[in-house]
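As structure tokens, the structure follows; a few thoughts come after it.
The values are calculated or read from the model by the stated rules, or taken from the named source; none is laboratory data. Keep in mind the model is a prediction, meaning the values are calculated, not measured. Cβ placement follows ideal geometry from the backbone for every residue including glycine, while neighbour counts extend to all protein chains displayed. Heads up: the accessible areas ignore ligands, DNA and RNA and are worked out on the full protein's heavy atoms, side chains in. Shrake-Rupley method; radii C 1.70, N 1.55, O 1.52, S 1.80 Å.
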Amino acid sequence: MSRLAVDLQKTAGWGAKLLYFSTLIFAALGIWMHPYFHIGSGIFGFLSLVNLYYKHVQTEDILLRNFGLLAQMRYILESIGPELRQYFYASDTEERPFNRNERSEVYKKAENVDSTTSFGSQLEFDHHEIKLRHSMFPILKEERQKYSLTFGEERGLKNKFEITKPFMISAMSFGSLGENAVRSLSKGAALGGIPINTGEGGLSPYHLSGGGDVIFQLGTAKFGCRNSDGSLNEEKFKEIAANKQVRMIEIKFSQGAKPGKGGLLPKEKITKEISEIRGVPMDQDIVSPPRHIECDTTVNTVKFIAKVQSLANDKPVGIKLTLGNEKEFREMILEMKKQDVLPDYMDIDGSEGGTGAAPKSFIDSVGIPLLVALPRVQKILTEEGVRDKMKLVCSGKLINAAKQLTAMAYGADAIYTARGFMLALGCIQALQCNKGTCPVGITTHDPLLQHGLVVEKKAERIKNYIFNMDHDFHELLAATGARTVQDLSMDKLYIPDHA
Ligand SMILES: Cc1cc2nc3c(=O)[nH]c(=O)nc-3n(C[C@H](O)[C@H](O)[C@H](O)COP(=O)(O)O)c2cc1C
């Protein structure tokens, strides 16, 4: 036995003896001096029993069996490790996915307080960072042009959709987010003049509640417009597409945090409300397949896009995907050309994207990161002569204007962010989105936790974040010497060799 194990066992042994001894002492004091001492004997007696149970009864946990309560201490410390690191040990530039500096910039923008900083950058200037190249001739305020992007103009759609800010709220379903969070986002988006994406959980009344523009996402389970076999229910889809607030449709093929992975909605989580919004029964688990059942080949995938476009009430239809197999991607573009079917936009979600819940193996290991994927997608679309026939949107940790501008210099026309808006709501990065225990009431349906999230106040924060980020964006754009985002290109970036 190793020295450490012997020492630990000795400590555990002494600890146990101390517990038993204290129980006896307190019991004796309780009998002979004052009954209050029985509180102590009760506590120590209980801990002694727990210790005996761990060491001699339970057989599942090795550490508990070997070291009893001492091992339990280790588990407690381990479980509060993330909080200890976040509050006490991690530096301002250390945490993932977003460090304290990045988060606090969003908080300040959402609170509408001064977000300038002083003395100097806290980043390492170690040649790994992509930087924006400023121009000798920055654009003056009066010379700046307003941002505008119109989806659906290439196909000459009757119901084109124009955005006037370069970013939108990325897909997050009612289900992964609670009611108050969705209401706040919806209202804040309407106040800020940007659209909100429903995510794959169907069109909820909460997404519509703010009265603004909505992008309806058609996920692989077709929540909100599915037949019982999971295929598209055309009538229900047409009803959704006809909704005035629904301005675009997005077919989701994959998502950065879990490309190639579907999901399961266990029946225990299906409340009456969710069953109505998603159009699923309450008494059985519902599978979200890893792909649309209609899309088993490239030919059928493009036919499916065409079918959705034909039912979309002449509104723009985009697709969302994470780049994986580039050969398949090019084949899809070739097939689109052959069938003369192009989406109105393509959203490339980098593998660094977020999720409500996904296996760690997928989050960490599947899909291509955004700034690697974007130039490849650009190249294929340009080589195949279709880049100017659709808009390119992208997402993946683009929570501030500098990152958004960088992605646009890489070729994107507009940006989506999900977690930027979660942070603006007040997310503290507790990393509990998959547990229903979100302490700030965002990714939970628990009424007690949602109580703190007051819709009016949070909608205001969303609006502030939108306006302040837009302001930053245009200041940075002007510094590069670009009048409009169309003037952006890779030349505006300093990209170190090892970036
Ligand atoms: C809580 C949560 C729920 C999400 N739900 C969806 C979804 O329903 N459909 C989808 O395509 N992406 C979903 N996403 C991914 C985001 O829409 C986005 O693509 C990704 O997080 C990258 O953007 P970000 O880095 O700005 O968060 C979700 C992300 C989060 C954090």
Links exceeding 27 Å between C-alpha atoms in this model, out of 108/315; 146/397; 222/458, come to 108/315; 222/458
Shape descriptor, segment 3-79: equivalent ellipsoid semi-axes (Cα gyration tensor, sqrt 5λ, whole Å, largest first) stand at 27, 13, 11
Counting only DSSP loop positions in segment 125-176, the chymotrypsin sites (Phe, Trp or Tyr not before Pro) whose Cβ has at most 14 other Cβ atoms within 10 Å are 125
Computed over the chain: longest principal axis from alpha-carbon atoms vs helix 455-479 long axis, angle to nearest 10 degrees, is 60 degrees
For segment 239-322, listing trypsin sites (Lys or Arg not before Pro) in a DSSP loop whose Cβ sees at most 10 other Cβ atoms within 10 Å gives 244
Quick calc: nm separation of the 7 Å Cα→Cβ label points for residue 287 and residue 24 -> 6.1 nm
Filtering GluC sites (Glu not before Pro) in segment 106-146 by DSSP loop and by at most 11 other Cβ atoms within 10 Å leaves 124
Excluding ligands, DNA and RNA, the carbon-plus-sulfur percentage of the accessible area of segment 378-499 with a 1.4 Å probe reads 54 percent
So the angle from the long Cα axis of helix 37-52 to the longest Cα principal axis of the chain, reported in degrees to the nearest 10, equals 70 degrees
In Å, the Kirkwood hydrodynamic radius from C-alpha pairs for segment 29-132 sits at 19.0 Å
Scalar couplings 3J(HN,Hα) for segment 327-339 by Karplus 6.51 cos²θ - 1.76 cosθ + 1.60 (θ = phi - 60°), nearest whole Hz, x for Gly and Pro, are 5, 4, 4, 5, 4, 5, 5, 4, 5, 4, 5, 4, 7
Percent of all alpha-carbon pairs of segment 95-224 at distances over 22 Å, whole number, is 59 percent
Counting only protein heavy atoms and rolling a 1.4 Å probe, one gets per residue an accessible area for the chain in Å² of 50 Å²
Relative to the compact-globule estimate 2.2 N^0.38 Å (N residues), the Cα gyration radius of segment 440-499 stands at a ratio of 1.82
Between the residues 466, 299, 381, the Cα farthest towards the positive end of the dipole of segment 131-494, that dipole coming from +1 and -1 charges on the beta-carbon of Lys, Arg, Asp and Glu, is from 466
A chain fully extended from residue 383 to residue 310 at 0.36 nm per residue, minus the present Cα-Cα distance, gains in nm 23.5 nm
Each label sits 7 Å from Cα toward the beta-carbon; between residue 128 and residue 264 the label points are separated, in nm, by 3.8 nm
Between the modelled labels at residue 142 and residue 244 (7 Å from Cα along Cα→Cβ) the distance in nm is 4.0 nm
Binned at 5 Å starting from 0, the alpha-carbon pair-distance distribution of segment 48-91 in whole percents comes out as 5, 25, 21, 15, 11, 10, 9, 3, 1
Quarter of the surface of the C-alpha convex hull for segment 377-483, i.e. direction-averaged projected area in nm², equals 8.8 nm²
Rounded to the nearest 5, the percent of DSSP beta bridges in the chain running antiparallel is 25 percent
With a 1.4 angstrom probe the carbon and sulfur portion of accessible area for segment 3-79, in percent, totals 73 percent
In degrees, nearest 10, the alpha-carbon axis of helix 100-111 is tilted away from the dominant principal axis of the alpha carbons of the chain by 70 degrees
In order over segment 480-485: 3J(HN,Hα) from phi, Karplus 6.51/-1.76/1.60, θ = phi - 60°, whole Hz, x for each Gly or Pro, gives 7, x, 8, 7, 9, 5
Rounded to the nearest Å, the spacing of the alpha-carbon centers of segment 72-145 and segment 442-456 is 26 Å
Whole-number value, in Å³ per residue, for the convex hull of the alpha carbons of the chain is 219 Å³
